[in-house]
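The values are calculated or read from the model by the stated rules, or taken from the named source; none is laboratory data. Treat the numbers as computed from the prediction; the structure is a model and nothing was measured. Neighbour counts run over all protein chains shown; Cβ positions are idealised from the backbone, glycine included.
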Amino acid sequence: MMKIVDAKLQIVEVPLPEPFHSTWNPANPETKLFVTIVEVITDDGVHGYGAACDSTQLIAGIWDTHIKPLLIGKDVSEVETINTGLVNASLYAYRPWCVEVAVYDALGKYANLPLYKMFGGSKSRVLAYASTGELKSVEQRIEDADRFMEEGFKMMKIRAHHDDPFEDVRIIGEIKKHVGDKMKIAVDANQGWFFTGKRTVAKWDLKKAVNVCKAFEEIGIEWLEEPLYGYDFEGLAELRRSTTLNIAGGELNAQLHEYRDLIKHQCFDIYQMDVVLSGGFVQNRKVAALAEAENKIYTPHTWTHGLGLAAALHMAGAVNNCPFIEYCYDPPHWDYKIRDLMLTEPLVVDKDGYINVPQKPGLGVEINHELMDRYTILRK
């Protein structure tokens, strides 16, 4: 097997063509794409890559003391050991899981297999849903829905963001009335996290969430995502018991044991662990299996750049209980060309609404090193 002989960190900030006004942080429009690239190099000359979209300076702060010593000299097959080391590192660097993704990319290249096939290879393409996130009017969202249907999408997700959630219910009801049965609608309440001082939306409590669910039941949405704080296990379980809606969440929970408790309490119908944000491939595969044992859906969350989407695609393609995948896409300010500008080729959806899992070894995508080098602000 191959030994890791070097590990490098590259922090990149690429200016966006236009500001992106997110629903979850409207007071602070995003003007840059933040990319943290991890590269592992083996004694056989194989290069593996992983990337994160935030927490950049935190990873840099422990790179020489916690991350690099964890990797150097390890065999690329020792991903369980490396993942356990990253659990400890995450106490200092929040979510360093892109490091493990880079090791897996190298391992897949060594095996000459795309990662999803190395994991078991359930399917080579996955149904994608258009996941939106920008502040827009109801008229603009109806135009988006029409565009998405023309492009092949069968489902879109809309973010609730008003101080009064029943204003969101009204707006989403108008959109659902417009699309009818031609497109499914999911709703993300984004209550799993909260930007203190950066937005005015009050957190939903259980009573409010129950009432909102009843209203959405009348409209007929596919699921309600993150209706309560992500660690309110008892509240989420009670909410799920009280509604006929599918309840989704889990993107901001961190590690295996948290998901064990979410599943134990029957908090969700749809579990949305994130490969890059939450536990890497090692823990995502275990959570997907736990969810499958309870006859629940696992589908990886991904609101990130191209390398993160590629990692999510390989997880989705590897397991039996993932019927669809999030495809962050909200043109014109967040289309696939902007999202995937770190790649030489963007990951696109076909006319039937499916996205192909990359077929080349490892993650199966190539980084646009020339562009990343141009906007690099730090190397280690």
Requested in this report: Look through D340, D335 and report the one residue that is surrounded by fewer than 19 Cβ atoms within 10 Å (Cβ to Cβ) and either among the acidic types (D, E) or in contact with a strand residue (DSSP E or B) (Cβ under 6 Å, 6 or more places away or on another chain) (or both).
Outcome: D335
Query raised in the report: Take the residues of segment 244-289 that are assigned to a helix (DSSP H, G or I) and among the polar types (S, T, N, Q): which is nearest to P227 (Cα to Cα)?
Result: N284
Query raised in the report: What about G364, is it crowded, with 24+ Cβ neighbours inside 10 Å and in contact (Cβ under 8 Å) with a residue 12 or more places away in the chain?
Result: no
Query raised in the report: Does E218 qualify as being in the same structural domain as P331 (by TED's automatic domain parsing) and farther than 22 Å from M273 by Cα?
Result: yes
Query raised in the report: For segment 39-59, which residues satisfy the criterion of being under 22 Å from the mean Cα position of the chain (by Cα) and more than 15 Å from G306 (Cβ to Cβ)?
Result: E39, G48, D54, S55, T56, Q57, L58, I59
**Report entry** H314 touching a Leu at 6+ places or on another chain (Cβ under 6 Å) and in contact (Cβ under 8 Å) with a residue 40 or more places away in the chain
**Finding:** yes
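This table checks each residue for (1) more than 27 Å from K203 (Cα to Cα); (2) outside the structural domain of V76 (by TED's automatic domain parsing); (3) exposed (fewer than 15 other Cβ atoms within 10 Å of the Cβ); (4) β-branched (V, I, T).
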residue	(1), (2), (3), (4)
W97	yes, no, no, no
A102	yes, no, no, no
D105	yes, no, no, no
Q140	no, yes, yes, no
R147	yes, yes, yes, no
A160	no, yes, no, no
Query raised in the report: Inside segment 296-324, can you point out the residues that are of a type in the set (S, T, N, Q) and closer than 27 Å to V12 by Cβ?
Result: T302, T304
Report summary line: By residue number, the members of segment 9-54 that are touching a residue at least 24 places away in the same chain (Cβ under 8 Å), surrounded by fewer than 20 Cβ atoms within 10 Å (Cβ to Cβ) and polar (S, T, N, Q) are N25, N28
Report task. Can you give me the ranges of the strands (runs of 3 or more DSSP E) entirely in segment 113-221 with at least 2 residues that are under 24 Å from G235 (Cβ atoms) and modelled with pLDDT of 95 or more? Result -> 155-159, 184-188
Query raised in the report: Does segment 250-273 include one or more residues that are modelled with pLDDT of 95 or more, within 28 Å of G306 (Cα to Cα), touching a Pro at 6+ places or on another chain (Cβ under 9 Å) and crowded, with 23+ Cβ neighbours inside 10 Å?
Result: yes
Query raised in the report: Taking only pairs six or more apart or across chains, which ones have beta-carbon atoms under 8 Å, a first residue in segment 209-228 that is under 9 Å from I247 (Cα atoms), and a second residue that is assigned to a helix (DSSP H, G or I) and among the small types (G, A, S)?
Result: P227/A209
